[in-house]
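What follows is one structure encoded as C-alpha cells, with my remarks underneath.
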Amino acid sequence: MTEPWWKHALIYEIYPRSFADSNGDGVGDLNGITEHLDYLEWLGVDALWLAPMFPSPQVDFGYDISDYEAIDPMYGTLEDFDRLQAKARELQIRVVVDMVLNHTSDKHKWFLESASSRDNAKADWYVWDPGVPMDSRGVTEYQKKFGHEGMAPPNNWVSAFGGSAWEWVPARRQFYYHFFYRQQPDLNWRNPAVEAAMFNMMRFWLDRGVAGFRLDAIPMLFEDPHLRNEEETGGVNEQGDPNLHRRYTYNLPQVHDVLRKLRSLADSYPGDPVVIGEVYSYDTAAVYTWYGGEAQDELHLPMDTLVGFGHSFLGQFPRFRAAHFRKYIQEAATQLRGSRPLFVFDNHDNPRSIDRFGDGLHDTQIAKLIATILLTTPATAMTYYGAEIGMVTTTPTRKQDVKDPIGITGWPKEKGRDGARTPMQWTPGAQAGFSTNPHTWLPVAANYTKVNVETESADPDSLLNWNKRLVGLRRTEPALHNGEIVLLDGENADVLSYLRRTQDGRAAVIVSMNMSGQSQTLALDLPNTETRSNSPRVLAATDKCLQAITSLNLIVLPPFSALIVSLW
Ligand code: NOJ
C-alpha cells in the first residue's frame with residue numbers, strides 16, 4: 001500500500017497578508033504567493049497551508065469569513081486561486097486551505113438573516129439565548145456588566161478574546177454566543193442545516209482540487225445545551241476577565257461525530273486530502289483522542305503542539321531543554337499507537353520559536369536545532385513562513401500601532417499577535433522585497449537587511465541552507481524518511497540524541513544536538529546492532545569541526561551544534 005503524501009510532508013503555513021504583495025497595496029495577495037512558488041519548491045515544501053483568504057471584514061484578519069466560496073478582493077479572485085493551484089501542482093506542491101467551521105463573520109449573510117428576527121429561516125443557525133433577568137439568583141457582577149434591557153447573559157462564559165462571550169441583539173432581544181470576537185458568532189452545529197451547509201462548502205473546495213483542510217478552532221464547535229456556568233479557577237486573564245475551566249465550551253463529544261463525517265468526506269475524494277486539526281493538548285494522551293482512538297477515523301493530523309509550544313495555552317512556553325524535547329518526541333513515538341504525529345513550532349498566533357527558545361546570543365544556532373528536531377524526527381512537519389530564514393517576533397511598542405484587536409483591548413499585558421505576522425523578508429532591498437509600497441500593513445522587521453531569502457540563499461552556512469539541507473535529507477535518507485526512532489543517552493541534560501533506523505536494518509542515522517552553551521563530549525549508548533559501524537558518514541553538521549569526523553568516539557560537540565551521521 002502506498003503511503004499518503006502527507007505522512008512525510010513539509011507543510012508550510014502562509015499568512016496571505018504577509019507573504020508577498022504583487023499589486024503594491026501593502027498587503028500580500030494570492031498572485032504574490034504564485035510568484036514565489038519556485039522558492040518553495042527550491043526549499044522542498046510539499047504543501048502550503050493558506051490561512052484564510054476568503055472575503056472577510058478582516059476583524060480577525062480572515063478568521064471572520066463573510067463568504068466561504070470566494071476570495072477576498074484584497075487577495076485576488078477565484079481565478080487567481082486556480083492559477084496558484086495549477087502552478088503549485090506543476091511543482092508538486094499541494095494547497096491546503098483553512099476551514100473556519102466554528103464561527104462566521106457577523107457580516108455573513110447567514111448571520112445577518114439570523115439576527116434580524118426570532119422567526120426567520122436561519123433563526124436557529126447560531127447560538128441564541130434570551131439571557132436571565134439581571135436580578136435573578138446567581139448572576140455574577142461580571143455578567144451584569146454585559147446586561148441589556150434588564151437581561152444579563154445566560155451564564156459566565158468569557159470570550160477567549162476578551163469580555164463576555166455573549167452579545168446582545170436588540171432586534172431579537174436575545175444574546176448570541178461567540179467564543180472569539182463578537183464579530184465571530186458561533187454557528188449552531190446542533191442544527192443539521194448548518195452541518196449540511198458547511199459540508200457543501202467543503203465539497204466546493206475539494207471539487208476545486210484542494211489537498212485538504214486545516215480545521216480552525218475545531219474543539220470549540222459545540223457548547224453545553226444547558227449553558228451551565230463554567231467553573232472559575234481564580235484570578236483574571238490578560239484581558240481582565242475571570243479565568244475559567246472550559247468544560248462546557250471545549251471538546252464536547254459531538255465534535256467527534258462531526259469529525260468522523262468530515263473524515264469520510266475527505267476520504268471519499270481521490271488524492272488523499274488531509275484533515276488537519278488545530279488542537280492544543282495538555283498531554284499526548286489527549287492528542288491521541290483526536291485521531292479517533294482505535295478506529296482512527298477522525299483527524300489525519302491533529303497538531304501535536306506539545307513539542308513546540310508545551311502548555312502555551314496556560315501561558316507557559318517551554319524552555320530550550322533537551323529533556324523537554326526528549327519527553328514529547330518519545331511520547332509521540334510510543335503513545336500515538338502508530339498514528340503519524342504532526343509537529344509544529346511556529347504559527348501566526350504565537351511568538352516565533354526563535355525568540356521563545358533563543359537565549360539572545362545564539363538565536364540562529366538555536367533555530368538550526370529547532371529545524372533539526374522538526375525535520376529529522378518521525379513526524380509530519382509544519383512550519384510557518386519566515387521560520388526558515390530566522391524571522392523574529394516584532395511586537396509593536398506603541399498601542400496606536402497595534403492591528404490585532406486583542407492587542408488593543410489587552411494592551412499592555414496582551415500586545416496581540418502582530419509580532420509574528422510581519423512581512424516576509426525576501427531581499428535586503430526596500431520593504432525587504434515584500435512590496436513596492438513603503439506603507440506595508442505591518443512594518444517590516446528591522447533585521448531584514450541580513451535576514452532574508454536572497455542573502456541567506458547565497459550563504460552555505462545560513463539557517464535557510466541548513467533547512468534546505470535537512471529537507472533534502474529527509475527525502476533521500478531512508479532512515480530519516482521512514483525509520484523508527486530510538487532515543488539515546490536519555491539522562492543527558494545537555495545533548496539530545498536519537499537514532500533513526502529502517503525496519504530492515506539497512507540504514508541508520510544518528511542525530512545529536514548540543515543544547516547547551518558549553519562544549520559536550522558525545523556519549524552514545526548505541527544499541528548492539530548499531531555498534532558495528534566503523535565508518536560513519538556525516539550527512540550534515542552545523543560546525544566545520546564536525547564535518548570531518550571519521551569515528552563516533554570522543555566527539556566534542558561545540559555549543560548549540562548539531563551533527564547528523566549515517567552509520568553505514
Ligand atoms: C485560531 C486561529 O489560528 C486564530 O488566528 C484565530 O484568531 C482563531 N482561531 C479564531 O478563528
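The values are calculated or read from the model by the stated rules, or taken from the named source; none is laboratory data. All figures in this text were calculated on a predicted structure; none of them were measured in a lab. Don't worry about glycine lacking a Cβ; one is built from the backbone with ideal geometry, like all the others, and counts go over all protein chains shown. These accessible areas exclude ligands, DNA and RNA; they are computed on the full protein's heavy atoms, side chains included. Shrake-Rupley method; radii C 1.70, N 1.55, O 1.52, S 1.80 Å.
Gain on full extension, evaluated as 0.36 nm per residue between Thr233 and Ala295 minus their Cα-Cα distance, stands at 18.8 nm. In terms of the Cα gyration tensor, with a ≥ b ≥ c the square roots of its eigenvalues, is the chain rounded because a/c is under 1.5, prolate because a/b exceeds b/c, or oblate? Judged from the Cα gyration tensor, the chain comes out prolate (a/c at least 1.5, a/b above b/c).
Applied to the stretch 3-16, the Karplus parametrisation 6.51 cos²θ - 1.76 cosθ + 1.60 on θ = phi - 60° returns per-residue 3J(HN,Hα) values of 7, x, 4, 6, 5, 10, 6, 9, 9, 10, 7, 10, 9, x Hz, with x for Gly and Pro.
Karplus-based coupling profile of the stretch 135-142, in residue order and whole Hz: 8, 6, 5, x, 6, 7, 4, 4, with θ = phi - 60° in 6.51 cos²θ - 1.76 cosθ + 1.60 and x standing for Gly or Pro. Between the listed residues Gln92, Met151, Ile329, the Cα displaced farthest toward the positive end of the dipole of the chain, a dipole computed from Cβ unit charges relative to the Cα centre, is found at Ile329.
Overall, the anisotropy analysis places the stretch 239-324 in the oblate class: the square-rooted eigenvalues a ≥ b ≥ c of its C-alpha gyration tensor yield a/c not less than 1.5, with a/b not exceeding b/c.
Oblate is the label for the stretch 189-332, because the ratio a/c of its alpha-carbon gyration tensor axes (a ≥ b ≥ c) is 1.5 or higher and a/b is not greater than b/c. Using the average count of surrounding beta-carbon atoms within 10 Å as a protection proxy, the listed peptides 408-414, 444-450 rank, highest first, as 444-450, 408-414. The share of accessible area on the chain that comes from carbon and sulfur is 50 percent, using a 1.4 angstrom probe. Take every Cα pair under 8 Å in the chain that's 6+ residues apart, average their separations, divide by the length, and report that relative contact order as a whole percent. Reported as a whole number, the value is 12 percent. Taking amide H positions as modeled 1.01 Å from N, with prolines and chain starts lacking one, the residues under 5 Å from Leu488 and 5 or more places away or on another chain are Ser497, Tyr498, Leu499. For Val95, the amide hydrogen comes within under 5 Å of the amide hydrogens of Leu48, Ala211, counting only partners 5 or more places away or on other chains and with H modelled in the peptide plane. Each of Pro558, Ala211, Ile485 was placed along the dipole of the chain (beta-carbon charges, centred on the mean Cα), and the one lying farthest toward the positive end is Pro558.
When only Cα pairs under 8 Å and 6 or more residues apart are kept, what is the percent relative contact order across the stretch 466-513? In percent, rounded to a whole number, it is 30.
Projecting the Cα atoms of Thr2, Gly24, Trp42 onto the dipole axis of the stretch 1-50, where Lys and Arg carry +1 and Asp and Glu carry -1 at the beta carbon, places Thr2 farthest toward the positive end.
Checking every one of the GluC sites (Glu not before Pro) in the stretch 102-211 against DSSP loop status and a limit of 11 other Cβ atoms within 10 Å picks out Glu149. What is the sum of charges around Gly162, taking Lys and Arg as +1, Asp and Glu as -1, for the other residues whose C-beta is under 13 Å from the C-beta of Gly162? Local net charge: -3. Approximating the spin labels as points 7 Å out from Cα along Cα→Cβ, the Arg537-to-Gln316 distance works out to 4.4 nm. Rolling a 1.4 angstrom probe over the protein heavy atoms with all chains in place gives the chain an accessible area of 39 Å² per residue. Available extension along the chain between Thr476 and Ser519 is 12.5 nm, counting 0.36 nm per residue and deducting the alpha carbon span. For trypsin sites (Lys or Arg not before Pro), no site in the stretch 1-108 is both called loop by DSSP and has at most 11 other Cβ atoms within 10 Å.
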